[in-house]
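One structure is given here, and the rest of the page talks about it.
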Amino acid sequence: MENSVSLLGKRFVPFLPEAEILQAVQKVADEIARDYRDKVPVFVGVLNGSFMFVSDFLKFYPYPCEVTFVKLSSYRGLTSTGIVETLLDLPDQVEGRDVIILEDIVDTGRTLQELVHMFSNKNVRDFRIATLFYKSEIYSGEYQIDYFGMEIPDKFIVGYGLDYREQGRNLRDVYQIKQNSMINLVLFGKPGAGKGTQAAFLKEKYDLMHISTGDVFRYNIKNGTDLGKLAQSYIDKGELVPDEVTIKMLQEEVEKTSDASGFIFDGFPRTTAQAEALDNFLESRDMKIDATIALEADDQVLIERLLERGKVSRRSDDQDEAKIRNRFEEYNRKTAPLKSFYQEQGKFHSVNGVGEIQEITDRLSRVIDSL
Ligand code: AMP
């Protein structure tokens, strides 16, 4: 089972491993088999969520039976809308038969009410309700739940057929939503450490917004904005752009995407004043930095990487070894002290930044997954 999974920007953490789910499925199958061994029941799976449950259930059910499906829809995102639509109606084969509904999950009971309504004019002989997961705490329906695999607390869960906005149904295990699931990371390291390269992978994997202050400056330079003109003189010398300007720019970037599920800050903060401003700014928005991860590599490796990159990127600050060395000096003087700033907050993590790109992504992911 994964430590966590990310679906459409929400994080989910382990709730039930496959083996326990299958035990619960078997329990339902055994109980129904005991009651129906001399009959031929029609099992009615409720799509979409129940398809995995129905499939495994039937493998555990040892006697003659039939199976069909209906389709209803009520969940829209994280909370039930209360609106239940019938998308696929019952076939006629249920008339005069012993029908057992197979639901993946019963919570408030609204979907169930609609189901019972569907059966009310079908003249079935006997009608029972089985569900794999049962949120008994919040069930307020009037119908008895005849069989259930296990009772669960009122948590939003995904996996084993259950979805979050249609994703996550293919997970073999069940995960629950992680509250306050925003992740904000600082990628830390000298120029050339691979922050931008790694951010591109991490942003996809964890559905985060990547903000590279260097990229924002270069974008402004390219477009000839006032900010670009101001920044260029510093960047060309391999010096840091003044804090005041950089902090304001960073805040504007964050504010542009206030609905993001988290940020990767790349190349920011680079001074203690920037780090303090970032903490204050995030706090004012009920956010925080979760981890600062440093990519470590020797200067000589970095200089070679930067000169190599300079041939392709044509970045003037990557093509001249004197400028590169000046950037390292700026780093040692102004940025390196941030290590202790974040260590004191218990947020500093160090990762070996030398190796295959994928290996380094894996090292970073291990830190992020442990948060
Ligand atoms: P980078 O692409 O991160 O290597 O940044 C390139 C250049 O942009 C740096 O050498 C600085 O001149 C400027 N810059 C980027 N981020 C910052 C920052 N947080 N503070 C000051 N200057 C920055």
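Here, each number is a calculation from the coordinates, and none is a lab measurement. Predicted, not measured: the structure shown is a model, and the values here were computed from it. Heads up, the Cβs are rebuilt from the backbone with ideal geometry, glycines too, and the neighbour counts pull from every protein chain shown.
Couple of notes before you dig in:
- Working note: Cα atoms of the stretch 5-177, range along each principal axis, descending, whole Å: 47, 33, 26.
- In summary, the lysines within cross-link reach of residue 248, defined as a Cα separation below 26 angstrom excluding same-chain residues under 8 places away, comprise 190, 195, 203, 222, 229, 237, 256, 288, 323, 334, 339, 347.
- GNM top mover of 360, 105, 138 - the chain, alpha-carbon springs below 10 Å: 138
- Sorted largest first, extent of the stretch 183-369 alpha carbons per principal axis (Å): 40, 39, 29
- Computed extension gain for residue 284 through residue 357, at 0.36 nm per residue and net of the alpha carbon distance, reaches 22.7 nm.
- In this structure the amide hydrogen of residue 184, modeled in the peptide plane, comes within under 5 Å of the amide hydrogens of 263, 290, 291, none closer than 5 places in sequence on its chain.
- Rounded to whole numbers, the Karplus 3J(HN,Hα) couplings from phi for the stretch 120-132 are 4, 10, 9, 6, 6, 7, 9, 9, 10, 10, 10, 9, 6 Hz, using 6.51 cos²θ - 1.76 cosθ + 1.60 with θ = phi - 60°, and x at Gly and Pro.
- Packing-based ranking of 21-31, 222-232 yields 21-31, 222-232, ordered from highest to lowest mean Cβ neighbour count within 10 Å.
- For residue 216, neighbours were defined as the other residues whose beta-carbon sits under 12 Å from its Cβ, and their charges (Lys and Arg +1, Asp and Glu -1) total 0.
- Computed 3J(HN,Hα) for the stretch 323-337, one whole-Hz value per residue from the Karplus formula 6.51 cos²θ - 1.76 cosθ + 1.60 where θ = phi - 60°, is 5, 4, 5, 5, 5, 5, 5, 4, 4, 4, 6, 9, 9, 3, x, glycine and proline marked x.
- Net length available on complete extension from residue 40 to residue 23 is 3.8 nm, with 0.36 nm assigned per residue and the Cα-Cα distance removed.
- Residue-wise HN-Hα coupling along the stretch 282-287, computed from phi with Karplus coefficients 6.51, -1.76, 1.60 (Hz; x: Gly, Pro): 5, 4, 5, 10, 6, 10
- Long-range HN-HN contacts of residue 103 with modeled amide H, under 5 Å: 130, 131, 132
- Build a GNM of the chain with springs between Cα atoms under 10 Å apart, and of 178, 122, 288 the one that fluctuates most is 122.
- The stretch 202-358: relative contact order in percent, alpha carbon pairs under 8 Å with at least 6 residues between: 27 percent
- The H on the amide N of residue 294, modeled in the peptide plane, is under 5 Å from the matching H of 188, 349, 350, 351, each at least 5 residues off or on a different chain.
- Size of the chain as Cα extents on the principal axes (Å, biggest first): 87, 38, 37
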